[in-house]
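Heads up: the structure comes next, in structure tokens.
The values are calculated or read from the model by the stated rules, or taken from the named source; none is laboratory data. Please read all numbers here as calculations on a predicted model, not as lab measurements. Note that each Cβ is placed from the backbone with ideal geometry, even for glycine, and that neighbours are counted across all protein chains shown. Note: areas computed on protein heavy atoms with side chains; ligands, DNA, RNA excluded. Shrake-Rupley method; radii C 1.70, N 1.55, O 1.52, S 1.80 Å.
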Amino acid sequence: MGRRNRADRGQAESELAAVEGRAARAGRAGRTEEARGAGPRTHTQGPLARQVRSGLAELVPDRDRAQAWTLLVDGAPQSLVDLADPGYLGFEYQRRLGHLIDLAAAPGKPISALHLGGGALTLARYVAATRPRSRQQVAEIDTELTELVRAELPLERGWQIKVRGADARAVLERTPDGSADLVIVDVFAGARVPAHCATLEFTTLAAQALAPGGRYAVNLADGAGLNFARSQVATLRAVFPEVCLVADPAVLRGKRFGNLILVAAHHPLPIEELARRVASDSYLGRLEHGRALADFTAGAAPATDATAAPSPAPPPTVFR
């Protein structure tokens, strides 16, 4: 377990360099559009649909917020961005990850964050807005999606956000040890977490990337039986001594398909403060930790590269 051998790393780095070259060319094209005077998309322009590598991407104007947009890919909601207020987090899972960002350091203090999975860059925008001068890296394999987001929902000048057009695991393998205060995994292929980003080996790489005192957070989705979630809890517990889970009680009971947030660290987590924030949020949530979380795994085994499977597909009606 741990980092791949030298030959494998060399191959991964060659593939990553090729993809990043294509992403850089796309980025230069996007900057040319900006130089011609293109600005953020407005609600008067209406919704936008465009085919990207991962499927049909749609930008839909928010009914309640004048400069907010929802990004959907093949009908599955991926991100909600408010250009006027990047500190606004509208989705349930984003709010819970936002609590972890708020607790990552003293208020306003810059951090180093690695986002595995980008979408519309909502969480990277949140870090930049609430913790100015933070250094952030985002891995988003769909360079066409990133180009669309940058063109229609541009980032503010001065934000230190570097988007790398590559597979999340390939980026993680190249991340220097001890370099990230916070690693956030929000990787979905369609509406499913890919198997290679949900294993003991992947988690071990993430643990190596964390700086002393750093934290690891994962967004995943599961439904009846929660077999994938139980395996993921067991996987994180095999690497980290401290793990907690946050989810809607109905999701934890297997009554509905939804998101679960896992948090892990090599040091005690701010359980009391995180639980307080979850309890006071507009979304109903419950935090599991310690013995209750161990019982939740129900004997599930950690997922490895040899045994892992992607998360289950959501029911056909879940996004309707």
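Some points to look at:
- Those residues of the stretch 234-285 which are under 22 Å from residue 200 (Cβ atoms) and in a helix (DSSP H, G or I), in sequence order: 234, 235, 236, 237, 238, 239
- Flag for residue 170 being among the small types (Gly, Ala, Ser), modelled with pLDDT under 95 and either under 30 Å from residue 60 (Cβ atoms) or in a helix (DSSP H, G or I) (or both): no
- Residue list for the stretch 114-132, filter: part of a loop (DSSP other than H, G, I, E, B) and either within 15 Å of residue 102 (Cα to Cα) or out of contact with any strand residue (DSSP E or B) (no Cβ under 8 Å at 6 or more places or on another chain) (or both): 131, 132
- Unmet requirement for residue 232, which otherwise passes all of (1) buried (at least 17 other Cβ atoms within 10 Å of the Cβ); (2) more than 22 Å from residue 312 (Cβ to Cβ): (2)
- Residue within the stretch 276-291 that is more than 21 Å from residue 98 (Cβ to Cβ) and either open to solvent by 40 Å² or more (accessible area, probe 1.4 Å) or β-branched (Val, Ile, Thr) (or both) present: yes
- When residues of the stretch 75-102 are limited to those that are open to solvent by 30 Å² or more (accessible area, probe 1.4 Å) and hydrophobic (A, V, I, L, M, F, W, C), the one nearest to residue 124 (Cα to Cα): 83
- Residue in the stretch 58-69 that is aliphatic (A, V, I, L, M), buried (at least 21 other Cβ atoms within 10 Å of the Cβ) and not in a loop (DSSP other than H, G, I, E, B) present: yes
- Restricted to the stretch 173-224, and to residues there that are in a strand (DSSP E or B), open to solvent by 10 Å² or more (accessible area, probe 1.4 Å) and among the small types (Gly, Ala, Ser), the residue that is modelled with the lowest pLDDT is 189.
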